[in-house]
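The values are calculated or read from the model by the stated rules, or taken from the named source; none is laboratory data. Only a predicted model underlies this, so the values are computations on that prediction, with no experimental measurement involved. Virtual Cβ from ideal backbone geometry, glycine too; neighbours counted across all protein chains shown. When the accessible area is computed, the model is the full protein with side chains, heavy atoms only, and any ligands, DNA or RNA have been set aside. Shrake-Rupley method; radii C 1.70, N 1.55, O 1.52, S 1.80 Å.
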Amino acid sequence: MKKNIIIPALALAFLACNNNKTGQQNTDSSSQISENTLTAFSSTDTLPYQIKDFYRETARSKNPADSSKYAYVKASYPKFGADQDFLNRKITSLLSAEPWTGKNQHSLMKASESFFKDFETFKKEVPESPAGYAWEQSITVKFQDTNLIVLASESYVYTGGAHGMPSLLYSNFDLKNEKDIKLEDILIKDYKKPLTRVAESIFRKNEGLSQTDSLENYFFENKVFYLNDNFAVTQKGLLFTYNVYEIKSYAEGMTDLFIPYQKIKYLVKPNSIISKYITP
């Protein structure tokens, strides 16, 4: 099972999210923060949360020719009640991990300062570049069910290249036991080989390949199919997502691979957090 790797951010683009910011921003352009406290309820089994918006940018040049040479950090994320400290800490950790190193700065404010510092270094080293820096994040609740919650973390980073780098990472949490959910927690021992066989069969069908066609046009190491560990738990199955450059080119984008529980129900661990979704 391959681990996700951090891919260097090469360039600019923006998340498909609303650029309008609710709330009043500070007049100091180096620390503009806005918060939208829209409370969301999705069902009687789910936890209430508020949507928080974060925005900071460096001072913009008064020279029109350099008006694009600034850096900003933007984020939208759920904030749960005080009784969900575990979940809020996890979200803070997700937001404050530097996209280019993975280092956790332990707060979004500190992470943005680090991002701005890197931008200032870039301007000194490449003064002729017309580019600014951009880092956008959006964490959304993908799925909730009693003691289970799944978050989707989308980001887009531009650090002075030809195009931006998008990513989508899932986080699955067992709220009762306050722990991350790994495949080992929900699938039986020695699940990897049979799960990979099922996944490859689905992948080949999705890609219009026979079961014997070569995978030479993909980025799989040694042309051998593998599953990564970027998965989301759903009521119907496990959703895996390969990010750009992981198995395909940037132009081909991300690749989703959905594995229905019905195809792997013999691999689901009895009395696990997902066993109730398995039908006879």
Next on the checklist: Per residue, how big is the convex hull of region 163-280 when only Cα atoms are used? Give it in Å³.
Outcome noted: 122 Å³
Checklist entry - Ignoring ligands, DNA and RNA, what percent of the accessible area of region 194-280 is carbon or sulfur (1.4 Å)? => result 50 percent
Item to check | Projected-area average for region 102-185 over all orientations - Cα convex hull basis, square nanometres | outcome: 7.2 nm²
Checklist entry - Using bins 5 angstrom wide from zero, how does P(r) for region 209-269 break down, in % of all Cα pairs? => result 4, 16, 22, 23, 18, 13, 4, 0
Checklist entry - Hey, got the dipole for region 115-197? About the Cα centre, +1 on K and R Cβ, -1 on D and E Cβ, debye to the nearest 20? => result 340 debye
Checklist entry - Given the Cα-Cα distance of Thr46 and Asn206 and 0.36 nm per residue of separation, how much length would full extension add, in nm? => result 54.3 nm
Next on the checklist: Rolling a 1.4 angstrom probe over the protein chains, ignoring ligands and nucleic acids, what is the accessible area of Asp83 in square angstrom, nearest 10?
Outcome noted: 120 Å²
Checklist entry - What is the pair-distance distribution P(r) of region 64-119, computed from all Cα-Cα distances in 10 Å bins starting at 0, with each bin given as a whole percent? => result 22, 44, 23, 9, 2
